[in-house]
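Before any comments, here is the structure.
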Amino acid sequence: MNALNDSILTLILLVPLAGAVLVALVPDRAKLPNWLALLTSLVTFGLTLHLPFHYDLARNGFQFVVNKPWIESPAIFYHVGIDGLSLWLVVLAGLLAPIGVLASWNAIQSRRKVFFVLFLLQQTAMFGVFVSLDLMVYYGFWELSLVPMAILIAMYGRKDGPRAALKFFLFTFIPSAPLLVAILWLYARTGSFDFTTLQTLIAYGQFPAGALFWAALAFLFAFAVKVPVFPLHGWLSDTYSEAPVALAMVVAGKLGLYSMLRFHIGLFPVQARAASPYLIALAVIGILYGACLALVQRDFWKLIAFAALSHLSLIVLGIYGFTVIGSTGAVYQILSHGVVDGALFFLLGVLYDRYATSQINAYGGLAARLPSTATLFVLTTLAMIGLPILSGFVGEFLILSSTFGGVSRGWAIAASMGLILGAAYMLWLVQRVFYGPQSELVSSRPPDDLHVAELAMLWPLAVLTLVMGVAPSIWLPTIEQGVRRPPLITQYSPGFVTITSIPQGGQR
Amino acid sequence: MNSVPDIFRILPEVILTLTGVAVMLIDASLPSGIPRRPLGWVSAIGTTLALWASLWQLSLPQGTGFYSTVETSAFTIFFHVLICGIVLVTLLLSLDTLPEDSHHQGEYYALIVFGAVGMCLLTGAVELLVVFIALEISSIATYVLAGFRKETARGPEAAIKYFLLGSFATAFLLYGVALIFGATGTTQIYEIAHAAPLALNRSLMLAGMALMLVGILFKVSAAPFHVWTPDVYEGSPSPVVALMSTAPKAAAFAVLLRVVYEIFPTLRSVWSPLLWIVAVLSMTVGNLAALRQQNVKRMLGYSSIAHAGYLLAAFAGLGTSGIAAASFYTAAYAAMNVGIFAVITVIGGYDEAMPMIDDYRGLLYRSPLLGGLLIFFLVSLVGIPFTGGFFGKFYSFSAAVGGSAIWLAIIGLLNSGLAAAYYLRLALSTAQRPDENASPSTAPEPQVGVAVGAALLLAVAATLILGIVPNDVLRAAESGAHTLQAPPPQNEPGIVIERLPKVGPE
């Protein structure tokens, strides 16, 4: 198995890429591209599952590392590896890939080849972001992840695809310009793009503090737009309402949040800590603002978009609370949000396929017509609003309790208000769509409940939600180890205690 | 010293000249009914031979020939190969897209090859008068090519505009050469470099340098000398634009590198801020104007102005890194720009059935291959990683950061964010679902023949190689940069230059 351990991450990157090339070559007949894409994503998922089974919890630092010179000048290395932080995110991305393919199975009717080629390319880019440890390689994948997304939004947008695609692209591309300058500046000072090297050099104070502030800000800005953090969320609702279901569910939030943990806090702990009060405030505003806007939406894609803003802001709160528990909870919440949001998107996609509208008031009384859809929708909703024993609860609890104990009671209370609002808008959505009198639209169409394939995909997700809710200890130790990894440890309070002293190893 | 026969120093140029002459003679002696298309193949073969000859020149020791007027070095070979490559792709492109019954096909191919002679000579010349002559050879060929669609109104307009403004620019260059001769008493580049720090009349030399810069910056279409670009691109046939927007610019950038790094390294404090300003102006003006364009070729014209700006950012870099970055960017820009114009030529045909951005709507549905290629090249122009455009920008801006021009890098990268808007507009319009209500397009279904296929393949391969494994090209660019940075060789014995009496106060 050792040989596989050395090449597993490379394989995870290459298999979707190879799949994309294959899909491009086969004829677009008899759903051949679909099957090929499904096969590719299942193989990739299988490969990602290799990681948790061979991950050595006792070892600190990165594992499954490959570090080979790629480009001589500047010194760019093909350096990949994962730790507790990225391990489960890679698996999550692997899990969502086949689900994304299945969600597009019937929804994508025209130009299937183009769709699946770009979808698989997007997968490679996402895995690349999670596993890259060389800043240039990371940046490469980060940028690459924008292109397929933008093109697919333009191609399959529901109303005004190109406009939404342009908005999405520019919103995320322009902030990456300062990010690249910051990376180049780090390189100009050190001659290295290597994450660990830079981390050490920064911790030992090799940089002028003033310039480091700007570099850290450039990193933060790029990531905050991608998450998005209030008030940088302008692209979110258009993207959610225009993007094909498969893409909306795979991109939501994860890349930006992971990058914050790894590259903002990881590289610039001192600056990140200095920025944390502002980010906490913005996060709480985002939670409440997103929830309030979600309450008044008439279109369910938009509702989900603002709900996502609210939920992602909660994760930001956990990350920038600078407690081990909060950060662990944040990563756990990313996983849970990925699964739950994936299922929710899928279900909404099912509704949209069947009834061709996203106006909430066109629906009503659907539960009588589509009982299994209703069951699964309610289950997913409950997981999303954080009902205990379902996955959403664990992360929310960890984040809020650490904020309450370790950061500030006021912010924690305010954030909890957002969760109450969250329950309100989600349950109200369920009520309006599935209960009450049957609307004209619903009664005019023959009932077409979930098919076997769809059920076969949604039930495992539902079970996973339950398992994540009752047995979080499967995931939490790895995540915590990733979060605690030195030298991050010096930045964190051990439990609920607030750190007031300036941490070791930074600039004074 | 003179162990290398002089003729080997200009072997690629000789081959190209012979090819051009042969094409012209055959064209003239064939009866009028016979198709001229094979002449295109002759030109392509000649260009390939010239490319091989350039590569073969690597085995020659670095040095000059013909009384220190032309040089072969890693630097000149880099640009020779690049230019021959561009010309080859353009010829292949023209082979399938030039209308079969078109008049003057033979002249068209001959002009392209003669233009290539000028451009190649331009990069190898180390004597300002030869630089001037080479510039004229390449310019006159492109002036004529620009007006090749003379049945349209825009064709002659483009040619005349290009010719008038271009002649002015060359006049500026020549005047600059004259002033420098006045200041230093020579037009040989190494001798000027020797004499420049000692020149008594510094203001004369500064004026000469400034005038030369104007002439060269016009050729690379940098703002504020860019006004001709969109009009000329719009009026010229697309395959000609593929050539014109890349090869003469590459040659002009080679001359610019020579002028600033080889002749006037001591005047860095003067030219560096000038080029800084021109770089910022070019990218900003180019991008802002491109945002508003509806015509694809005009948009790409403005985009090429912006790219000249990104490239000029590399000149803020110190010595070798700046030269290598600029050379690399030239290659990357050439690969993707030739590529995109090749796609446009195939889509629109010689007659340009689809000039507007809106015409491209749904292209990805009608022709996935061409639509995909168009998007690919646009993505490279945006500068997304794993394409040549990314590493071009990357090296250019890291050279700027290395030369502590961090603001230039920030302005440049913000500009490339801005640029993404208009590239994306075209790419997204391509990806958009075709309008069901629109009447079926009258455009002929684009066909990809063997020659065009080869041209596109070359462009795609070059763009990908520069984006994924740029090591070799970068190494070539760096060794070129080293030869340019090396102290100029002492005068070889046996070279007699008839000196004119020194002008000015001794």
Study note, to complete from the structure: For chain A, the longest principal axis of the Cα atoms and the Cα long axis of helix A:135-144 enclose an angle in degrees, to the nearest 10, of 20 degrees
Exercise for review: Considering the convex hull of the alpha carbon atoms of region A:397-463, report its projected area averaged over all viewing directions, in nm², one decimal.
Suggested key: 7.0 nm²
**Study point:** Check: chain B dipole with +1 on Lys, Arg Cβ and -1 on Asp, Glu Cβ, in debye
**Key:** 860 debye
Check your understanding: Just the projected area, averaged over all directions, of the convex hull on the alpha carbon atoms of region B:178-283: how many nm²?
Key -> 7.0 nm²
Exercise for review: May I ask you to give the percent of accessible area on chain B that is carbon plus sulfur, with a probe radius of 1.4 Å?
Suggested key: 69 percent
Point to revise | Efficiency of FRET from Cβ geometry, A:Ser401 and A:Ala453, R₀ 25 Å, rounded to 0.05 | key: 0.05
Revision key, fill the gap. Under the 7 Å Cα-to-Cβ spin-label approximation, B:Ala178 and B:Ser404 lie apart by a distance in nanometres of 4.1 nm
Study note, to complete from the structure: Note: B:Leu200 to B:Leu164 extended length (0.36 nm per residue) minus current alpha-carbon separation gives 9.4 nm
Check your understanding: For the pair A:Ala3 and A:Val463, how long in nm is the line joining their label points, each one 7 Å along Cα→Cβ?
Key -> 3.4 nm
Review point. For the charge dipole of the protein assembly as shown, defined by +1 on Lys and Arg C-beta atoms and -1 on Asp and Glu C-beta atoms about the Cα centroid, which residue among B:Leu95, A:Tyr55, A:Val316 has the Cα displaced farthest towards the positive pole?
Key: A:Val316
Study note, to complete from the structure: Restricting to lysines and to Cα separations under 22 Å from A:Lys302, and discarding same-chain partners fewer than 8 apart, the set is A:Lys159, A:Lys167, A:Lys226, A:Lys254
Check your understanding: Which whole-angstrom value gives the distance between the alpha carbon centres of region A:6-35 and region A:63-89?
Key -> 23 Å
Revision key, fill the gap. The Cα radius of gyration of region A:234-341, divided by 2.2 N^0.38 Å with N its residue count, comes to 1.08
Study note, to complete from the structure: Between A:Lys159 and A:Asp353, Cβ-based FRET efficiency (R0 22 Å, step 0.05) works out to 0.85
Study note, to complete from the structure: Inter-part gap, Cα centre of region B:267-327 to Cα centre of region A:297-357, in whole angstrom, is 43 Å
Exercise for review: Scan region A:105-165 for trypsin sites (Lys or Arg not before Pro) in coil per DSSP, keeping those whose Cβ has at most 13 other Cβ atoms within 10 Å, and list them by number.
Suggested key: A:Lys159
Review point. Zone of A:Thr197 (label point 7 Å along Cα→Cβ, backbone N under 14 Å): which residues in region A:122-146?
Key: A:133-137
Exercise for review: With everything on Cα atoms, drop me the angle between helix A:176-190 and the longest principal axis of chain A, reported from 0 to 90° to the nearest 10.
Suggested key: 20 degrees
**Study point:** Value of Rg to Rh for chain B (Rh from inverse mean 1/r over Cα pairs, i.e. Kirkwood)
**Key:** 0.97
Study note, to complete from the structure: Taking every C-alpha to C-alpha distance in region B:105-229 and binning by 5 Å from 0, the per-bin percentages run 2, 11, 17, 20, 18, 13, 8, 5, 3, 2, 0, 0
Review point. What Kirkwood hydrodynamic radius do you get for region A:54-118 when you take the inverse of the mean 1/r over all pairs of distinct Cα atoms, in Å?
Key: 15.1 Å
Revision key, fill the gap. When the charge dipole of chain A is computed with +1 at the Cβ of Lys and Arg and -1 at the Cβ of Asp and Glu, the Cα pointing farthest to the positive end, of A:Val65, A:Ala154, A:Leu92, is that of A:Ala154
Review point. If you stretched the chain out fully between A:Ala274 and A:Ala30, how much longer would it get, using 0.36 nm times the residue separation minus the C-alpha to C-alpha distance?
Key: 82.1 nm
Study note, to complete from the structure: Taking Cα pairs closer than 8 Å and at least 6 residues apart, the relative contact order of region B:1-85 in percent is 36 percent
Revision key, fill the gap. Taking a ≥ b ≥ c as the square roots of the eigenvalues of the Cα gyration tensor, with a/c under 1.5 meaning rounded and otherwise prolate when a/b exceeds b/c and oblate if not, region B:115-175 is oblate
Review point. How far apart, in nm, are two points set 7 Å out from the Cα along the Cα-to-Cβ line at B:Arg292 and at B:Ala210?
Key: 3.0 nm
Check your understanding: Over region A:70-180, what is the relative contact order in whole percent, taking alpha-carbon pairs under 8 Å and six or more residues apart?
Key -> 25 percent
Check your understanding: Under the Kirkwood approximation applied to all pairs of distinct alpha-carbon atoms, what is the hydrodynamic radius of chain A in Å?
Key -> 22.9 Å
Exercise for review: Using Cα positions and a limit of under 28 Å, work out the lysines in reach of B:Lys161, with same-chain residues fewer than 8 apart set aside.
Suggested key: B:Lys150, B:Lys219, B:Lys249, B:Lys297
Exercise for review: For A:Leu42 and A:Leu295, calculate 0.36 nm times their separation in residues minus their Cα-Cα distance, and state this gained length in nm to one decimal.
Suggested key: 87.4 nm
Review point. Expressed as a rounded percentage, what relative contact order does chain B have, with Cα pairs under 8 Å and six or more residues apart?
Key: 17 percent
Study note, to complete from the structure: Inter-chain shielding metric for B:404-412, i.e. average beta-carbon neighbours from other chains within 10 angstrom, reads 3
Check your understanding: Suppose R0 equals 51 Å; then what is the FRET efficiency for A:Ser110 and B:Thr152 from their Cβ-Cβ distance, rounded to the nearest 0.05?
Key -> 0.85
Check your understanding: Across all directions of projection, what mean area in square nanometres is found for the Cα convex hull of region A:441-485?
Key -> 5.5 nm²
Point to revise | Overall dimensions of the protein assembly as shown as given by Cα atoms, namely Rg and Dmax in Å | key: 31.0, 104
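The values are calculated or read from the model by the stated rules, or taken from the named source; none is laboratory data. The shown structure was predicted, so the numbers you read here are calculated from the model rather than taken from an experiment. Please note: Cβ atoms are built from the backbone with ideal geometry, for glycine as well, and neighbour counts cover all protein chains shown. Heads up: the accessible areas ignore ligands, DNA and RNA and are worked out on the full protein's heavy atoms, side chains in. Shrake-Rupley method; radii C 1.70, N 1.55, O 1.52, S 1.80 Å.
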